[in-house]
Amino acid sequence: ATLGNPVVELLLRNRSMQLFSAANAIWEYSFAGLKTFIVLYVTKGLGRSYYLADVFIAIVAVAYVIGAPIAGRLAERYGMVRVMEVAAAVYGVFLCFAVIPRTVTPMLILLPVGAIAGSILMTLPQALAFTLAPDDAQGSAAGLVEFSRGIGVVLGPLLVGAAVSAFSSSLDATHGYAVMWPMIGVPMLGSLVLLRLLHRRIGAI
């Protein structure tokens, strides 16, 4: 019996797409939380200028331009899931480490590495979804990518913002903004479990 909505059918009946959708929601959650609070972390958390925040954003933008074409080449050589596992691990470790520095120098040194890893990770999800989906469900796979993305985009700013408010006293050196890093980094590392399950299920693709 059909469930009526092909996107829902694909999600409920395809284990690989379930694992992908959960991981994609986590990735988008982390990116949405970072994009929403990075400027506030620099300006209000570290007490630095908006100019420095713009420098951070410029470094990330350049890293993304570099990382996107690299992602395709690496995926063709080593397989999409394997490349995404490495990228998620590097990016997640960077995000978790970022809670430690109280000056901008370590962040400026490590930011390009983390940003390139993030760029590689976020370039590949749609291609992975189309690869995982049955041949007659490409459109549903695209819908599922957007659905899981929407969940992450909504939850990222909401949960990270709540954590900043909750830790504003205990992390008073940064007015609570340092908590954004583990809030987005730990789930990113958690997505490795989903990628590993997916890798075991489908092999090297």
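Could you tell me what a quarter of the Cα convex hull surface of the chain works out to, in nm² with one decimal place? Intermediate results must be reported in sequence, preceding the final value.
Numbers: hull surface 46.9 nm².
The Cα convex hull of the chain, projected and averaged over all directions, gives 11.7 nm².
Based on the mean of other beta carbon atoms within 10 Å per residue, what is the order of 46-52, 87-93, most packed first?
With the highest mean Cβ count within 10 Å placed first, the list reads 87-93, 46-52.
Give me the net charge of V7's neighbourhood, meaning all other residues with Cβ under 13 Å from the Cβ of V7; Lys, Arg count +1, Asp, Glu -1.
On the way: positive: R13, R149; negative: E9, E146.
Result for the local shell: 0.
So how much slack lies between L197 and F130, counting 0.36 nm per residue of separation and subtracting their Cα-Cα distance, in nm?
22.3 nm
Over every pair of different alpha-carbon atoms in the range 1-111, take the mean of 1/r and invert it; report that Kirkwood radius in Å.
So the Kirkwood estimate lands at 16.6 Å.
Multiply the residue separation of V65 and R15 by 0.36 nm, subtract the distance between their alpha-carbon atoms, and state the gained length in nm to one decimal.
Computed gain between V65 and R15 is 14.7 nm.
What number comes out for accessible area per residue over the chain if the probe is 1.4 Å? Units Å², please.
Heavy-atom SASA per residue in the chain reads 48 Å².
Summing Lys, Arg as +1 and Asp, Glu as -1, what charge do residues with Cβ under 15 Å from the Cβ of Q138 carry, Q138 excluded?
Taking every Cβ under 15 Å from that of Q138, the sum is -4.
Using only Cα atoms, tell me the angle between helix 80-97 and the longest principal axis of the chain; keep it within 0 to 90° and round to the nearest 10.
Approximately 20 degrees, to the nearest 10.
At a 1.4 Å probe radius, carbon and sulfur cover how many percent of the accessible area of the chain?
Carbon-and-sulfur percentage of accessible area, whole number: 66.
The values are calculated or read from the model by the stated rules, or taken from the named source; none is laboratory data. Just so it is clear, the model here is predicted, and its values are computed rather than measured. Reconstructed Cβ throughout: ideal geometry from the backbone, glycine too, with neighbour counts over all protein chains shown. Calculation scope for accessible area: heavy atoms of the full protein, side chains included, ligands and nucleic acids excluded. Shrake-Rupley method; radii C 1.70, N 1.55, O 1.52, S 1.80 Å.
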